[in-house]
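Remarks on the structure that follows.
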Amino acid sequence: MIVLKFGGTSVESPEKIDRILDIANSQIDRAPVLISSAMGKTTNKIEEIMTYAVLGDRENAYSLTDEIKDLHLKTAESFLTGGILESAHADIVELISQFSSLVKGLTLLHECSPRSRDALLSFGELLSTRIIASRAIERGINTELLDSRNLIKTDENFNAAIPQLDKTDEAVRSSVYPEPLKLIVAQGFISSTEKGVTTTLGRGGSDYSATLIGSALSAQEVQIWTDVDGIMTSDPRFVKGAKTIKSITYSEAGELAFFGAKVVHPSTIQPAVKQQIPVLVKNSHNPEAAGTAILSVVDDKGVKAITGKKAVTVVSITSSHMLHAYGFLKNIFTIFDRYRTPVDLISTSEVSVSMTIENIDQVENIIRELEDMGTVTVEYHKAIICLVGQELWKDSVFVSRVFSNLNGTPIRMISLGASDTNLSIVVPEEKMVETIQSLHDEFF
Ligand code: ADP
Ligand code: ASP
Ligand code: MG
């Protein structure tokens, strides 16, 4: 069997939905499971609705809800007929009515808990897949629509829930039966707790849904269909001359995703690695292009891609107690751990440690506790630039090429060699794009 995942831009209109069904149908003998995101920018719109609702701004919340309703009803009406249209229409109206009741609740309470947020966000994928499955049936494809909340089982960490792998494997294997000449359709992004409460895997999480399901069913291949020709040497929105990469290893792709390449969700690779499932990244608007293959072994070494991540904060602590002492780092990380704040990059010297974090919700508490151990400084608005490639540290010329092409951008932190596949530097946020461009011009 294979898994095909389509992102929002791949399903944003009736024409695009037909195109992705062509792609799935052309591989129908491979027992496909189709995972879809919400249509177009629906998830962003739901986020906006929640913001308006919490402010008590009913007018805007309801008018955006109407836009979502219109998009889905018009799409259904444009390519469904007879009984198939009637039942899809009724289901869309019912889903929107449930959604509106929740929105109304938020406007009354002026509050949106993480649990409510996930409940609302799930409607984007529930609506899109209802339409896609109906259109597949209309086109004569043998189709089964499943609810991913019964497949992906997670903890209760709403908004970025962590899948429980054994339970997910069990649930998937006992309810998904792919076979040639049948198309199974299910939602990306959405999941549920053991008690059946709706959760989500975090923004962009549909990619992760695809590899979780692929891994549970030992898929031959997972295909991530998006709006660019594959994983590129840098983000084509900001960097001129970005090129598609033919093949890349799991660890390179994992680093890229973690350090900002939005093209795949950072957790996507993990489930595929376990079973060595090839992941192909392809363009649904240009299916003929070869795309990028993510594999366990790839021969070529050297820099593969350069990514950047903004809104990074550097927390540093300096203390003479650190000199020749042990247990100091442990005490520092215990504090970050207590406030559930992951540290991304670290660099240390005799008497100081600098760490980068992304989530600053708890930064004040963290600083307060760190201050008991030494002098603490916090620098906001930094960016991490990450050069990804196998065995970079073995190339002595590589590092000098990096430093000669920074155009005077000051470096706050450096990390090379920790993962074998990346060199990361921390720079001022406003210098990120120009620095990436300059490095990209040098290496590609
Ligand atoms: P989807 O809705 O299909 O999941 P996303 O918007 O999440 O699509 O991801 C695709 C986008 O990722 C591309 O349009 C591109 O702008 C961005 N992107 C960022 N970095 C890269 C990269 N290194 N290679 C390709 N695309 C990238
Ligand atoms: N629809 C969700 C989002 O926009 C999940 C996804 O597209 O991967 O974040
Ligand atoms: Mg995405």
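Computed values, structure above
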item	result
Scan of the stretch 199-215 for residues that are buried (at least 24 other Cβ atoms within 10 Å of the Cβ) and not hydroxyl-bearing (Ser, Thr, Tyr), ordered by number	LEU201, GLY205, ASP207, ALA210, LEU212, ILE213, GLY214
Evaluation of ASP300 against (1) among the acidic types (Asp, Glu); (2) out of contact with any Asp or Glu (no Cβ under 7 Å at 6 or more places or on another chain); (3) farther than 25 Å from LYS240 by Cβ (one fails), failing number	(3)
Options THR168, THR129: the member that is more than 16 Å from ligand 2 (Cβ to nearest atom) and not acidic (Asp, Glu)	THR168
Residue match in the stretch 42-56 (condition: within 16 Å of ligand 3 (Cβ to nearest atom), modelled with pLDDT of 95 or more and closer than 30 Å to ASN142 by Cβ)	yes
GLU170 part of a strand (DSSP E or B), away from ligand 3 (no atom under 16 Å from the Cβ) and over 21 Å from the mean Cα position of the chain (by Cα)	no
Given (1) away from ligand 2 (no atom under 12 Å from the Cβ); (2) of a type outside the set (D, E, K, R); (3) open to solvent by less than 30 Å² (accessible area, probe 1.4 Å), number of the condition SER191 does not satisfy	(1)
Every residue from the stretch 153-178 that is open to solvent by less than 50 Å² (accessible area, probe 1.4 Å) and of a type in the set (Asp, Glu)	ASP155, ASP169
Residues being part of a helix (DSSP H, G or I) and aromatic (Phe, Trp, Tyr) - total across the stretch 332-358	2
In the stretch 280-294, the residues that are within 30 Å of THR435 (Cα to Cα) and either modelled with pLDDT under 95 or crowded, with 18+ Cβ neighbours inside 10 Å (or both)	LEU280, VAL281, LYS282, ASN283, GLY291, THR292, ALA293, ILE294
Contacts under 9 angstrom Cβ, first residue in the stretch 1-16 being touching a residue at least 40 places away in the same chain (Cβ under 8 Å) and open to solvent by 20 Å² or more (accessible area, probe 1.4 Å), partner of a type in the set (Ser, Thr, Tyr) and within 16 Å of ligand 3 (Cβ to nearest atom), 6 or more apart	THR9/SER37; THR9/THR226; THR9/SER284; LYS16/THR9; LYS16/SER10; LYS16/SER284
Near pairs, Cβ below 7 angstrom, 6+ apart or cross-chain, from the stretch 203-215 (more than 11 Å from ligand 3 (Cβ to nearest atom) and assigned to a helix (DSSP H, G or I)) to any residue that is at pLDDT below 95 and among the charged types (D, E, K, R)	SER215/LYS274
Filtered residue count, the stretch 238-257, keeping only those that are surrounded by fewer than 20 Cβ atoms within 10 Å (Cβ to Cβ) and more than 11 Å from ligand 1 (Cβ to nearest atom)	4
Hey, GLU255 farther than 19 Å from ASP169 by Cβ, at pLDDT below 95 and of a type in the set (Asp, Glu) or not	yes
Candidate set: the stretch 370-410, residues that are more than 18 Å from THR435 (Cα to Cα) and among the hydrophobic types (A, V, I, L, M, F, W, C); chosen: the one surrounded by the fewest Cβ atoms within 10 Å (Cβ to Cβ)	VAL397
Sole residue being modelled with pLDDT of 95 or more, among the basic types (Lys, Arg) and open to solvent by 30 Å² or more (accessible area, probe 1.4 Å), chosen from LYS330, LYS310	LYS310
Pairs with Cβ under 6 Å, 6+ apart, first in the stretch 54-81 and closer than 24 Å to LEU106 by Cα, second hydrophobic (A, V, I, L, M, F, W, C) and outside any helix (DSSP H, G or I)	VAL54/CYS112
Residue count for the stretch 258-279, restricted to those that are within 15 Å of ligand 3 (Cβ to nearest atom), open to solvent by 40 Å² or more (accessible area, probe 1.4 Å) and hydrophobic (A, V, I, L, M, F, W, C)	1
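The values are calculated or read from the model by the stated rules, or taken from the named source; none is laboratory data. Values in this document were obtained by computation on a predicted structure and should not be read as measured data. Using ideal geometry, Cβ is built from the backbone for each residue, glycine included, and neighbour counts are taken over all protein chains shown. Surface accessibility is based on the protein's heavy atoms, side chains included, excluding ligands, DNA and RNA. Shrake-Rupley method; radii C 1.70, N 1.55, O 1.52, S 1.80 Å.
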